[in-house]
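Notes follow the structure.
The values are calculated or read from the model by the stated rules, or taken from the named source; none is laboratory data. From a predicted model like this one, the values you see are computed outputs, not experimental measurements. Every residue, glycine among them, receives a Cβ derived from its backbone with ideal geometry; neighbour counts consider all protein chains shown.
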Amino acid sequence: MTLSFGFDLSLAVLTLAVAGYAIGARESFASVVAFISYGVLLALVWVRLSAVDVALTEAAIGSGVTGALLIGAAAKVGEGAVDAPRSVRGAGRLLTALFCIATTLGIATAFLSLPEKAPTLAPLAAEHLPSTGLGNPVTAVLLSYRAIDTLLESVVLVFAVVGVWTFASDRDWGGRPESPGKDRPEQPLTFLGQILPPLGILVGVHLVWTGATEPGGAFQGGTVLAAAWILVMAAGLRKPPSIEGAWLRFALIGGPALFLGVGVAGFALAKAFLAYPEGHSKAFILVIEAALTFSIAIALGLLALGAPGRKGHP
Amino acid sequence: MIASTLSQLSMRAEDALLPVAIALPVGAMLLALCLGGRWTERIAVAFMPIGVSIAGAVAYVVWRDQRPLVYFIGGWAPPLGVAIRADGVAAAMLLTSALIASAAGLFACDVFRVKPGEKENRAHLGFWTLLLAIWAALNCVFVGWDLFSIYVGLEMLTFAAVPLVCLKGQKETFVAAMRYLLFALLGSVLYLLGATLVYAAYGSLDIGILAQKIQPEAAAWIALGAMTAGLLAKTALFPLHIWLPPAHAGAAPPASAILSALVVKGSFFVVVRLWLTLAPVQMSEAPAELLAILGSVAIFAGSVLALRQERLKLMIAYSTVAQIGYLFLMFPLAIGQHPWASAAWSGGALQAISHAFAKAAMFLSAGLIVDVVGHDRLSGLRGLGRLAPQPVLIFALAGMSLMGLPPSGGFNAKWLLMSASVQSGHWALALVMAVGGLLTAAYLYRVIAPALAPAENAPAESASTPTPKASSRGAALSLALALAAILLGFAPPELASLLAVGAPAATIERIE
Amino acid sequence: MNAVTLAGLAGAALIGMGLFGLVTHSHILRKIVAFNVIGSGVFLLFGAVARRGAASGLNADPVPQALVITGIVVAFSATALAVALLLRYFKEVGSPFLADDPGAGASQPDHERP
């Protein structure tokens with residue numbers, strides 16, 4: 001056993017143990033805290049898989065923003081009354097356990113039965129990379145080869161924002177979501193709120209810019225920007241926006257709309273929907289990525305803020 | 001390896017209808033949300049004729065050329081790129097959803113309104129943007145020819161459908177929406193697990209390429225099993241149906257119509273793709289029998305539960321549980337190159353389409369009935385036929401198709417399925433369909449018989465004049481939907497020839 | 001056994017654990033956490049698949065890598081949707097548990113139009 005495999009094995013065991021605690025903990029608050037640590041460990045696993053992009057997304061979203069969202073929800077809903085319907089017990093629990101073990105074994109068998117020489121699209125992706133003008137094959141997949149998925153995923157975020165808003169009360173419509181922080185944030189948080197966001201914006205812009213050639217891109221940059229925005233609001237430096245604001249709506253749909261517009265223009269300029277004019281792919285992709293990053297950041301921030309409340313609050 | 005660059009493309013102009021069918025509703029939804037207020041409704045209503053025309057054009061071209069439309073997005077051919085494709089059934093589903101979304105949307109003009117002096121409100125913005133969102137999502141699913149793109153389409157569908165359940169803002173609707181969301185999310189993640197394993201084993205997500213490669217081996221079995229389980233949770237096939245009745249019955253009538261008529265068909269359609277297009281015949285035989293058994297149980301359980309309901313809308317929702325069961329009877333009949341397979345394929349598609357029209361009409365007429373009598377208790381519907389003849393007539397017409405009485409789309413669908421089951425020796429399925437039809441008649445009788453009976457305490461003549469709330473436009477729209485379900489019984493042979501385009505028995509030749 | 005196989009098997013284990021949590025817990029927040037564990041397990045499996053596909057000088061197959069990145073973001077929006085619905089559910093029902101009887105939610109008040 002090599003040293004590096006030893007590290008990977010310990011990391012995997014630790015990750016599974018923390019995940020197990022997140023599932024099995026008695027209290028929901030403990031479960032959420034365990035889940036956040038689990039996200040950090042998972043980001044490490046992704047680094048070990050040489051997927052720095054994914055590690056970054058996992059750290060910012062999977063652990064960071066999801067964690068904040070879950071902690072906030074745990075604080076609001078609590079553990080519930082003791083006489084409430086409890087979880088599945090007894091024979092049902094045992095049967096479920098057996099079923100889940102069988103599921104895991106089935107997936108593991110399928111994974112281990114995969115052909116020794118894995119089928120891969122890496123050669124094709126690399127072969128066509130020059131025609132996209134990009135250096136990062138992941139960005140080429142996201143913005144060129146499978147641009148339709150990226151476009152529709154960014155639209156899914158907009159759908160989700162509408163969905164979250166419709167869970168508000170009728171009378172709160174048009175109000176602002178509750179601020180993620182306390183009413184009087186502590187000094188250190190204000191300090192962080194002043195220091196980190198400019199850094200976050202720098203990192204976010206950097207990720208989009210370098211995403212053309214190195215790891216990074218709109219989704220990764222958007223998550224970092226969203227995290228920075230949430231921190232600013234948590235520190236009390238900015239209020240959450242009103243959901244009726246025209247600029248907010250425009251910022252939310254602008255990225256996907258531009259992407260869609262360029263896609264439709266492809267019929268005329270490049271002879272296919274979501275194709276780019278030959279020789280100008282990179283310029284188009286960078287413009288789309290910039291707009292998309294901004295809209296993704298807005299959407300993720302709004303999703304983390306939740307439904308509007310407190311209408312008429314100054 | 002198939003890999004094309006832009007210069008190698010040979011797509012026809014008509015093929016471009018497919019990306020337009022995705023791009024336009026997406027664009028309309030984004031615009032509606034951006035402008036907000038009364039504009040959401042105006043944009044959605046303005047989009048309706050456009051959306052119907054595109055779907056109609058797709059169906060016409062597929063029928064005229066007798067071949068599916070195929071489009072490579074961005075000019076990238078699979079496996080690297082993503083293809084979208086519309087065969088006859090996909091085109092028919094596109095047109096069905098365009099027509100029903102339009103009718104339910106126009107019906108909703110009276111339900112979701114911005115009051116004078118109000119900029120916008122929650123239910124109004126929610127309904128009109130989500131209507132466009134569902135329209136876009138369904139188009140993505142029906143033309144999807146790539147397992148991951150279909151996943152994205154299913155996510156769009158879930159995210160748009162769940163909030164539609166609770167627009168009325170009552171406590172019960174949030175309970176129903178919560179349960180629905182949890183089922184749908186589990187369904188999504190199981191589907192994604194399956195798609196992952198398929199890619200791991202075969203290096204492609206394109207259904208056409210995979211159909212040539214997939215083998216009955218561990219990875220393929222686990223992958224298809226996970227995807228199917230996830231899709232069944234989203235389709236509410238028994239025993240995964242418990243989320244459906246409260247969600248569909250609790251929503252506002254136009255939302256119920258869309259959820260029950262269209263949304264469950266999206267995930268069902270993907271099950272059809274998996275087992276009748278993607279998997280090789282030797283692999284799909286046993287699962288197809290299992291799906292038909294689940295479908296049969298769904299028909300009995302759903303019908304019996306519908307018989308026991310005391311509320312009109314809940315009864316209609318349980319009827320959906322039963323009618324979904326019919327859809328799954330097509331699987332063992334439609335596989336392979338048998339002479340009866342194409343009848344079963346058309347029968348299954350026709351069942352999906354005529355149920356969509358009939359169920360939309362039924363939920364909308366139930367909305368009209370509630371408007372007139374002020375409640376939806378079955379015990380209080382006596383004498384309704386005199387009080388509100390139109391909704392009762394619409395309900396009865398839609399019921400004819402659900403029962404499978406001639407002439408109706410439901411009759412033709414069940415006739416095709418039944419003759420396929422007799423020819424293929426699946427006698428049990430023919431029996432299930434016959435008994436299911438009787439049970440359907442029984443639960444619908446519980447509404448129609450008292451409605452046609454004279455009222456016990458005859459209300460004063462003045463009370464029986466139509467209440468001002470009974471919208472004549474609403475009645476006309478739901479009557480049109482019910483008549484469509486009936487008229488499908490007189491469908492010209494052109495419909496059959498459309499549905500046959502791209503049917504697995506006709507075209508897919510596999511490398512053994 | 002190498003790091004990639006290990007990641008795939010860990011993904012399979014996470015899916016099973018998450019599934020168990022999703023079914024057995026009745027606290028909705030616990031179900032949401034469990035859903036996220038299943039999701040991350042699937043992503044990890046996909047990541048292992050990507051790494052197996054390293055070829056042509058790329059250290060991983062970029063197609064699954066790209067799909068995982070968008071997938072994580074969509075899983076987050078699903079979580080946000082579920083949490084927002086949970087908060088409204090909690091406000092209405094007064095309990096974070098999923099009610100046992102699904103039919104109970106359906107006894108509707110009668111008037112639907114304003």
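Assorted remarks:
- Residue, farthest from the chain's Cα centre (by Cα), within region A:121-137, restricted to residues that are within 26 Å of B:L18 (Cα to Cα) and at pLDDT below 90: A:S131
- When A:T15, A:T66 are checked against the criterion of being within 10 Å of chain C (Cβ to nearest Cβ), under 16 Å from the mean Cα position of the chain (by Cα) and not hydrophobic (A, V, I, L, M, F, W, C), a single residue qualifies: A:T66.
- Restricting B:L290, B:L231 to residues that are over 16 Å from the mean Cα position of the chain (by Cα) and away from chain C (no Cβ under 14 Å) narrows the list to B:L290.
The rows are residues; the columns are (1) more than 26 Å from B:A161 (Cβ to Cβ); (2) among the basic types (K, R).
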site	(1), (2)
C:A10	yes, no
C:R30	no, yes
C:A54	yes, no
C:A84	no, no
C:F90	no, no
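- Yes/no for A:K117 being surrounded by fewer than 17 Cβ atoms within 10 Å (Cβ to Cβ) and in contact with a Phe, Trp or Tyr (Cβ under 8 Å, 6 or more places away or on another chain): no
- Among the candidates C:V49, C:V42, C:V37, the residue that is under 23 Å from B:F183 (Cβ atoms), crowded, with 24+ Cβ neighbours inside 10 Å, without any contact (Cβ under 8 Å) to a residue 60 or more places away in the chain and more than 7 Å from chain A (Cβ to nearest Cβ) is uniquely C:V42.
- Residue among A:A212, A:A272, A:A234 that alone is surrounded by 22 or more Cβ atoms within 10 Å (Cβ to Cβ), assigned by TED's automatic domain parsing to the domain that holds A:S154 and at pLDDT below 95: A:A272
- The number of residues in region A:113-131 being under 14 Å from C:N59 (Cα atoms), more than 7 Å from chain B (Cβ to nearest Cβ) and in a helix (DSSP H, G or I) comes to 3.
- In region A:242-278, the residues that are part of a loop (DSSP other than H, G, I, E, B) and in contact with a Pro (Cβ under 8 Å, 6 or more places away or on another chain): A:S242, A:I243, A:A270, A:F273, A:L274
- Residue, surrounded by the fewest Cβ atoms within 10 Å (Cβ to Cβ), within region B:138-148, restricted to residues that are within 12 Å of B:L94 (Cβ to Cβ) and out of contact with any strand residue (DSSP E or B) (no Cβ under 9 Å at 6 or more places or on another chain): B:V141
- Qualifying residue in region B:449-462 (condition: assigned to a helix (DSSP H, G or I) and either modelled with pLDDT of 95 or more or within 21 Å of B:F357 (Cα to Cα) (or both)): no
- Residue pairs meeting the criteria (Cβ under 6 Å; at least 6 apart or on separate chains; first modelled with pLDDT under 95 and part of a loop (DSSP other than H, G, I, E, B), in region B:159-170; second surrounded by fewer than 24 Cβ atoms within 10 Å (Cβ to Cβ) and acidic (D, E)): B:G169/A:D170
- Contact map, region B:289-315: first residue touching a residue at least 40 places away in the same chain (Cβ under 8 Å), second residue hydrophobic (A, V, I, L, M, F, W, C) and not in a helix (DSSP H, G or I), Cβ cut-off under 6 Å, separation 6 or more or different chains; pairs are B:A292/B:L329; B:L294/B:L237; B:G295/B:L329; B:V297/B:F238; B:A298/B:L237; B:A298/B:F238; B:A301/B:F238.
- Residue count for region B:154-168 under the criterion of being more than 7 Å from every other protein chain (Cβ to nearest Cβ), farther than 14 Å from B:W243 by Cα and either acidic (D, E) or under 15 Å from the mean Cα position of the chain (by Cα) (or both): the result is 2.
- Test: residue in region B:201-210 that is more than 10 Å from every other protein chain (Cβ to nearest Cβ), at pLDDT 95 or above, out of contact with any His (no Cβ under 9 Å at 6 or more places or on another chain) and not in a helix (DSSP H, G or I): yes
- The condition (being surrounded by 19 or more Cβ atoms within 10 Å (Cβ to Cβ), modelled with pLDDT under 90, in a helix (DSSP H, G or I) and not aromatic (F, W, Y)) is satisfied by just one residue among B:A413, B:A482, B:A475, B:A505: B:A505.
- The single residue among B:G117, B:G51, B:G75 that is modelled with pLDDT of 95 or more and not hydrophobic (A, V, I, L, M, F, W, C) turns out to be B:G51.
- Residue among C:L6, C:L86 that is at the interface with chain A (Cβ under 7 Å from one of its Cβ atoms) and crowded, with 23+ Cβ neighbours inside 10 Å: C:L86
- Taking (1) farther than 21 Å from B:P280 by Cα; (2) of a type in the set (A, V, I, L, M); (3) facing chain A (nearest Cβ under 8 Å); (4) surrounded by fewer than 24 Cβ atoms within 10 Å (Cβ to Cβ) in turn, B:A218 satisfies each apart from (1).
- From the options B:S379, B:S354, residue that is of a type in the set (S, T, N, Q), in a helix (DSSP H, G or I) and in contact with a helix residue (DSSP H, G or I) (Cβ under 6 Å, 6 or more places away or on another chain): B:S354
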